[in-house]
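Notes follow the structure.
The values are calculated or read from the model by the stated rules, or taken from the named source; none is laboratory data. Values in this document were obtained by computation on a predicted structure and should not be read as measured data. Cβ atoms come from the backbone with ideal geometry, glycine included; neighbour counts cover every protein chain shown.
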Amino acid sequence: MIRRRTFLTAAGILLAAPLQLRAGSAPRLAAIDWAMMETAIALGHVPVAGAELIRYRADVKEPKIPDEVVDLGLRGSPNYELLQLVRPDLILSSPYYTQYRSRLETIAPVLSLTFFVRGEAPLPRAFVALGDLANAIDDAPAAARVGEAAEAALDAAAARLAPFRDRPIALVDIGDARHMRMFGFDSLFGSTLARLGLTNARSQPTAFGFMAPVPMEVLADMPEARLVVIGPPPLAARRALARSVLWHALPPVAQNRVHALPGLNPFGAVPTALRFAAELEHALTSGPTTIA
Amino acid sequence: MTRILTLLPALFAAGLLWLLAAHALAGWNWPTLPFKAEAMTLDQIRLAFGLMPRGAIALVAGAMLGLSGAILQVVLRNPVADPTTLGIQSGAQLALVLGTVVAPGIMEHGRWPVAVSGAAAAALLVMAIGARRAFAPVTMVIAGMLVGMTASAIATAITLSQGEYLLSLVIWNGGSLVQQDWSGVRALTAVLAGGALAAGLLVRPLRVLSLGVEGARGLGLNVAAIRLLAVTVALVLAAAVSAEVGLIAFVGLAGPAVARVLGATGSGRLMVLSAVAGALLLSLSDGLVLAMAGLGAESFPTGALTGLIGGPLLIALLPRLRGATPPGEERAESGYRRARRPTALLAGLAFAILLAGAVLLVVGRVPGGWALLDRESFATFLPMRLPRLIGATAAGAALGMAGAILQRLTANPLASPEVLGVSGGAALGYALAVFLVAAPGMGTLAGGTMTGGMVALTVVASFARRRRMPPERILLAGIAVSALASAVLAAIMAVGDARSFLVLAWLSGSAAAVTPAGAAGLCAVVALVLAMAFSTRRWLGILPLGDGVAAGLGIPTGQARLALVAVSGIAVGGATILVGPLSFVGLMAPHMSRRMGLVSPLGHLAGAALIGGGLMLAADFGARMAGFPYELPLGLFASLIGAPWLIGLMMRRAR
Amino acid sequence: MSLFSLDRLTVDVPGRRLLDGLTLDVPKGRLVALIGHNGSGKSTLLRTLARQIAPSGGHVQLDGQELGAWSARDYARRLAFMPQTTPPADGMTVRELVALGRYPWHGALGRFGAQDGQAVDRALAECGVAALADRLVDTLSGGERQRAWLAMMVAQGAETLLLDEPISALDISHAVEVMSLVRKMCHRQDRSAVIVLHDVNMAARYCDHVIALRRGRIVMQGDPAELMRPDMLQRIYGLPMQVMTRPDGTPVAVPA
């Protein structure tokens, strides 16, 4: 039944559990934006609360979110009362959520960092975000440490991927048998690709696209490219592609230069970039596969 | 017959655009029949298996939609009927979304059965409502729009909950004609052939039906069977297109409209010409899309382009509805009891709402259970809960009153803010603010929303001001403005980026973002509307009796209508910021008020305000608690409560 | 003194001329019937007089003042109009309906005063619907409903009543009842009425003056005796008619 006691107990759990996680005076972070959440985790500061964790755990998978982290509900409409109960010291947001920034500020200070700007490479911004977030929580050494490690990992991956510089790479996400999304230099993947010293087959910016997917036949204009498919295509699409004359005639498919990556969060931060680099290296070195 | 020759330039233009695209692709080095992929260059394959089927499917799908619209218009004797306005396409959309998310296994066997059953469910609902009201055209379209809006709202919410991993759904919503082999063309051609055959067999019965139901029955026609058959044919045609290429709006409306302009009169010629016009229209639209792509523009879904044509067309078609409504068939429910002590009833309602508000202020959910606030938490939570509760209640009250005013103004029991176009305009304003302003704040968004609502209202009001404009035509103008707004919105979303998710999220509405200032502003809107209602109470009593009586009693009907439309517009615009464009509260509250026996204009309005506030309060509570800690969209939650009730209401016989 | 004077009144709709240059005077204090075949323009004329339709050309004066020069409320105090089909009065009682007739007097915001109440009571009594005052309008029979609407017009206090086919939907006994009431209302209280009628015999029997239209032009105007002649009826309806005399001496027209 509804009792005051329940409330206090529940509130007590909320307050106590994360404190056990990180004894000491570490700031309590609450992340609305997923890229910010990744960045915080990369710095070793796991937020006490994050938005839309159900979806995050299903889609992003890595880096893992501990079970104790409180789910704040939808990113577009977070549960303010719960956020208040969590008593964060700092709320991590991004310009996608500007419209309710003032509401968040009544609860705790807000750090809003920009990762994605049309026509700009996001990876450098993700590195800057590491530093900015670390400064905001007085842990600059963490940023330096994580940043250096990440740069080193990317350098190493770039070196190992040097043999694949001979051909441009087309990064796509297949929507249905006729359409796909292509990642340009202003996507996290495209930007990471460039950091790895590889050429992106697409010169235009990403249609980050909501509804404006690219017709599959655009790939015909990239006869030299290796095709890297991020995330498994829907079953129905795979079935239709298997029958498609056009698909099989596309040079990367016809000449067996298709590589598959697992699903990755296109709006992630440094951790996703590292994961992308690792998965790309694995996919390229282990040889081409058949998608359909 | 010579007027039909005016179609030739369109045919020529569409063909030319396609040829330009083909030439850009493969020069004149065309593949020869039969197509053998092994012997072709890649560009020839793109031509033979990409561009050629694309050109063919534009013709076939356009013809199917045109035919479908023509059949619906003939059988329902309604010049604005088409698969979009009757909610059929949205039904297919919802079914496909549900199929993709809930049972992807079903979709393995093809999208067709899923799309057809969704379209059939929506059509069944709309027809059932229409059958109760003698298929009165305005009622049919309103019912279709309401069913359609609900279906797409649910589909939107589901799409959102799936994050951005539902690219295929999103592609489908856009309506793209891109092809990669001939299977789609073959399938649709088969359906078109079957549909054309069925339509040919139906021509004669439909001609008899055009005499009206009594006349047709007198001639021995089984009216119900013919209607069922014809609607089924139209439905299968539209659903097949939906399943194959996605949402292509308004071609079914435009095809017959063009055919009529070209002088098609009989049902047979109308169907043939509509199919031809539909085919040309879609080809032309797709040719433009191809040309844009050729010029290096981002790809733009063809369906979004046809939507842009549809809204203005619907507005242009309104004058054709002259006298289409048989008198006395679209009338208010009557025969309800009258409350003996309306004042006491209203006081009771007000008290109940205050009580509920007070309870909701201290009760809430926390992880692990329910909780009452203690004194200390109360102080912390009050600034969060109070504006939200007040804001939701005020929004509900504003919508309830707007609905009551509109229902009295138009003497149509189905009038509601959703169909006034204000909601659609407000949504468009919000989207423009999101896309045009970098990192917009709450104030900018509110401004955009209000402006959008006001612009839509101005368009509708310009219809209302025309002399001798039947009130139901105002509703249709509102519907047309809604349709235009949603088409523009879809086009913006189609070329948009990740911000589209922001707009989509708002479309389903949330009260969480309301600030104390916002809540106060909404209360001011409610007070303003109440004051306006008080000063126009006599108009509100007389206007339902029609223009003749109202003018005879010396009411300046044009100004009165304008003023009342403006009042409802302000109320809806304010509430929409919070609730999103769809909630049904503006439709439900006046009905409930009426059924409680509140008959006098002021009593009716006050009752609608209180009931609307109460409904929204309940919806807000449900939206916050049902999926805790996930806050469900408020407007959507309210619609889900309202839709079954409304369907039940509309299914009742009008008399 | 004439009630209305028309000077070359013309009403057009796109593609068609409904009234073609009518010039006539409508007498005051009398029961005037407007008759004619379907589409003759009789309803259009009535609705133009009621200011429901704007003339395309020519002039119309009421009491020597242009129609357009009257303010809406002054006009409504002077003249009451009943449309052909009375709309459903959703959930309204007879008294509430009749009280709406006071709108031109109290306006949108004014108080419904004792005077208004008395006017409503008088109207209810005059039209014989006082006993029905608390019934719902929509539950009344056709004749009762028509009397309730007449009572609303009476409450409006207008000296002139414009009625558009008030008896076309009534059975013969209700039609007689309503026409007798209208006649009584005019002759006892010195009101004028212009009534569109379908039935030439009803017009001849109850009205004092007849205006007949054919294809938007005036065919005749005068007293009923002038109307009830086979040649005149043929000119109006384009059909041979026979006029017979009843035992009490009044004429009856039937198609020949």
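The single residue among B:S242, B:S176 that is of a type in the set (S, T, Y) and part of a loop (DSSP other than H, G, I, E, B) turns out to be B:S176.
Annotation note: of B:L317, B:L346, B:L270, the sole residue that is farther than 23 Å from B:A56 by Cβ, touching a Pro at 6+ places or on another chain (Cβ under 7 Å), in a helix (DSSP H, G or I) and at pLDDT 80 or above is B:L270. Scanning the range C:78-99 for residues that are at the interface with another protein chain (Cβ under 7 Å from one of its Cβ atoms), within 19 Å of the chain's Cα centre (by Cα) and either at pLDDT below 90 or assigned to a helix (DSSP H, G or I) (or both) yields C:P83, C:T85, C:P87. For the range A:65-86, a residue qualifies if it is in a loop (DSSP other than H, G, I, E, B), out of contact with any Leu (no Cβ under 8 Å at 6 or more places or on another chain) and in contact (Cβ under 8 Å) with a residue 12 or more places away in the chain, and the qualifying residues are A:L74, A:R75.
Taking the criterion of being of a type in the set (S, T, Y) and crowded, with 19+ Cβ neighbours inside 10 Å, the residues of the range A:77-111 that qualify are A:S77, A:Y80, A:S93, A:S94, A:Y96, A:Y97, A:T98, A:Y100. Where helices (runs of 4 or more DSSP H) sit wholly within the range A:96-169, those with at least 3 residues that are modelled with pLDDT of 90 or more occupy A:122-136, A:140-161.
Picking from residues in the range C:117-139 that are surrounded by 19 or more Cβ atoms within 10 Å (Cβ to Cβ) and more than 12 Å from every other protein chain (Cβ to nearest Cβ), the one that is nearest to C:R188 (Cα to Cα) is C:E126. A search for C-beta distances below 7 Å between a residue of the range B:58-79 that is within 10 Å of B:L282 (Cα to Cα) and any residue that is buried (at least 24 other Cβ atoms within 10 Å of the Cβ) and among the aromatic types (F, W, Y), counting only pairs 6+ apart in sequence or on different chains, returns nothing. B:V363 meets the stated requirement of being at pLDDT 80 or above and at the interface with chain A (Cβ under 10 Å from one of its Cβ atoms).
Any idea which residue in the range B:182-235 is modelled with the highest pLDDT, counting only those that are in a loop (DSSP other than H, G, I, E, B) and farther than 17 Å from B:M64 by Cβ? Lay out the reasoning, then the answer.
Taking the range B:182-235 and keeping what is in a loop (DSSP other than H, G, I, E, B), we get B:182, B:210-212, B:219-222.
If we keep only those that are farther than 17 Å from B:M64 by Cβ too, we end up with B:210-212, B:219-222.
On the way: B:S210: 71, B:L211: 70, B:G212: 70, B:L219: 72, B:G220: 72, B:L221: 75, B:N222: 79.
The residue in question is B:N222.
For C:R51, the conditions (1) in contact with a Ser or Thr (Cβ under 9 Å, 6 or more places away or on another chain); (2) buried (at least 20 other Cβ atoms within 10 Å of the Cβ); (3) modelled with pLDDT under 90 all hold with the exception of (1).
Could you list, in sequence order, all residues of the range B:143-160 that are modelled with pLDDT of 80 or more and of a type in the set (A, V, I, L, M)? Correct list: B:A143, B:M145, B:L146, B:V147, B:M149, B:A151, B:I154, B:A155.
Given the criteria modelled with pLDDT under 90 and farther than 25 Å from B:L8 by Cα, does B:A254 qualify? Break it down into steps so the answer makes sense when it comes.
On the way: modelled with pLDDT under 90: yes; farther than 25 Å from B:L8 by Cα: no.
In short, no.
Applying a threshold of 8 Å to beta carbon distances and a minimum spacing of six or more residues, or different chains, the list of pairs starting in the range A:53-64 at a residue that is facing another protein chain (nearest Cβ under 9 Å) and ending at one that is of a type in the set (D, E) reads A:I54/A:D71. Within the range C:207-256, the set of residues being polar (S, T, N, Q), part of a strand (DSSP E or B) and surrounded by fewer than 18 Cβ atoms within 10 Å (Cβ to Cβ) comprises C:Q242, C:T245.
Okay, residues lined up against (1) under 14 Å from the mean Cα position of the chain (by Cα); (2) part of a helix (DSSP H, G or I); (3) without any contact (Cβ under 8 Å) to a residue 12 or more places away in the chain:
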{"position": "A:D186", "(1), (2), (3)": "yes, no, no"}
{"position": "A:Q204", "(1), (2), (3)": "no, no, no"}
{"position": "A:A240", "(1), (2), (3)": "no, yes, no"}
{"position": "A:P252", "(1), (2), (3)": "no, yes, no"}
{"position": "A:N256", "(1), (2), (3)": "no, no, no"}
{"position": "A:R275", "(1), (2), (3)": "yes, yes, no"}
{"position": "A:A283", "(1), (2), (3)": "no, yes, no"}
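Please verify whether A:P163 is farther than 25 Å from A:P27 by Cβ, touching a residue at least 60 places away in the same chain (Cβ under 8 Å) and surrounded by fewer than 14 Cβ atoms within 10 Å (Cβ to Cβ), treating the condition exactly as stated.
no
The residues of the range A:129-166 that are aliphatic (A, V, I, L, M) and within 23 Å of A:L227 (Cα to Cα), listed by number, are A:L154, A:A156, A:A157, A:A158, A:A159, A:L161, A:A162. Of the residues in the range C:213-229, none is under 13 Å from the mean Cα position of the chain (by Cα) and in contact (Cβ under 8 Å) with a residue 60 or more places away in the chain.
Take residues that are more than 11 Å from chain C (Cβ to nearest Cβ) and in contact (Cβ under 8 Å) with a residue 40 or more places away in the chain and tell me which of the helices (runs of 4 or more DSSP H) falling wholly in the range B:520-639 contain 2 or more.
Numbers: elements: B:537-542, B:547-552, B:557-579, B:585-595, B:601-625.
By residue number, B:557-579, B:585-595, B:601-625.
Scanning the range B:372-394 for any residue that is under 20 Å from the mean Cα position of the chain (by Cα) and either farther than 30 Å from B:L562 by Cβ or more than 14 Å from chain A (Cβ to nearest Cβ) (or both) turns up nothing.
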